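Every number in this text was worked out from the coordinates using simple rules, so none of it is lab data. Treat the numbers as computed from the prediction; the structure is a model and nothing was measured. So basically every Cβ, Gly included, is an ideal-geometry build from the backbone, and we count neighbours across all protein chains shown.
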Amino acid sequence: MAITKQKKQEIVASVKDILNTSKSVVFVNFHKLPVSESTTIRKELRSKDVNFTVAKKTLTKRALTEAAYSGEIPKLDGELALVYSADLLAPAREIYDFQKKLDGRVSILGGVFNGLYKNKEEMESIALIPSQKTLYAQFVNIINSPIQGFVLALNAIAEKKQ
């Protein structure tokens, strides 16, 4: 059954709203993904404040051309889903985990990051950025390392004098 013109306008408006309210949007191909796994993905993403929406490519492209993003729209092959969130890194990181788990049934096609179109490789590299808590822990470890070395040296000197 064909989609009416009014329904198409509603879908384009919905995609525009997603693009306007999200800091980051990842375009995902979910070819050969069973409904049960799709439901699991949606639930797990929702628990992490990330959303998963399926949209027609032509209508998504229409909304993207009306949006004022810099760069070139990545090639959107296969069945298209949008993974988005108000968090800048969460959509890419979370869907990348599913890409690894599901052996190619879910794959990143590209996305929009901070107002710029990104291709597949760029979005995957963004997905590998550690979380803020991990970065804080790494920073504290870097700062603590010279102090720890200094304490060990002082301890060695104290033992030598005894």
For a label point 7 Å from the Cα of K57 along Cα→C-beta, name the residues of region 12-40 whose backbone N is under 18 Å from it.
12, 26-33
If you fit an axis through the alpha-carbon atoms of helix 57-66 and take the longest principal axis of the Cα set of the chain, what angle between them do you get, 0 to 90°, nearest 10?
70 degrees
Along the charge dipole of the chain, which of T58, Q148, G71 sits closest to the positive end, that is, farthest toward it, with unit charges on the beta carbon of Lys, Arg, Asp and Glu (+1, +1, -1, -1)?
T58
Angle between the Cα long axis of helix 90-101 and the longest principal axis of the chain, 0 to 90 degrees, nearest 10?
90 degrees
Computed [θ] at 222 nm, deg cm²/dmol, the chain (DSSP H ≥ 4; -39,500 (n - 2.57); rounded to nearest 500)
-18000 deg cm²/dmol
Helix 5-21 vs. the chain, principal-axis angle (Cα, 0 to 90°, nearest 10):
20 degrees
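How much net charge surrounds S14 when only other residues with a Cβ under 14 Å from its Cβ are counted (Lys, Arg +1; Asp, Glu -1)? Can you show the working numbers first?
On the way: positive: K7, K8, K16, K56, R62; negative: E10, D17, E66.
Around S14, the surrounding residues sum to +2.
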Proximal charge balance of A153 [Cβ under 12 Å; K/R count +1, D/E count -1]
0
Expressed as a whole number of Å, what is the distance separating the alpha-carbon centroids of region 31-84 and region 114-162?
34 Å
Give me, ordered by chain and number, the residues 5 or more places off S24 or on other chains with an amide H under 5 Å from its own placed amide H.
S85
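Given 0.36 nm per residue, what is the gain on full extension from T21 to E79 after removing their alpha carbon distance, in nm?
Details: separation 58, 0.36 × 58 = 20.88 nm, distance 2.30 nm.
Full extension from T21 to E79 adds 18.6 nm.
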Checking the table K5/K48; K8/K48; K5/K118; K32/K133 against a 32 Å threshold on Cα-Cα, which pairs fail?
K5/K48; K32/K133
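By the scheme Lys and Arg +1, Asp and Glu -1, what is the net charge of all other residues having a beta-carbon under 13 Å from that of K43? Mind showing how you got there, number by number?
Values: positive: R42, R46, K48; negative: E37, E44, D49, E94.
Combined, the nearby Lys, Arg, Asp and Glu give -1.
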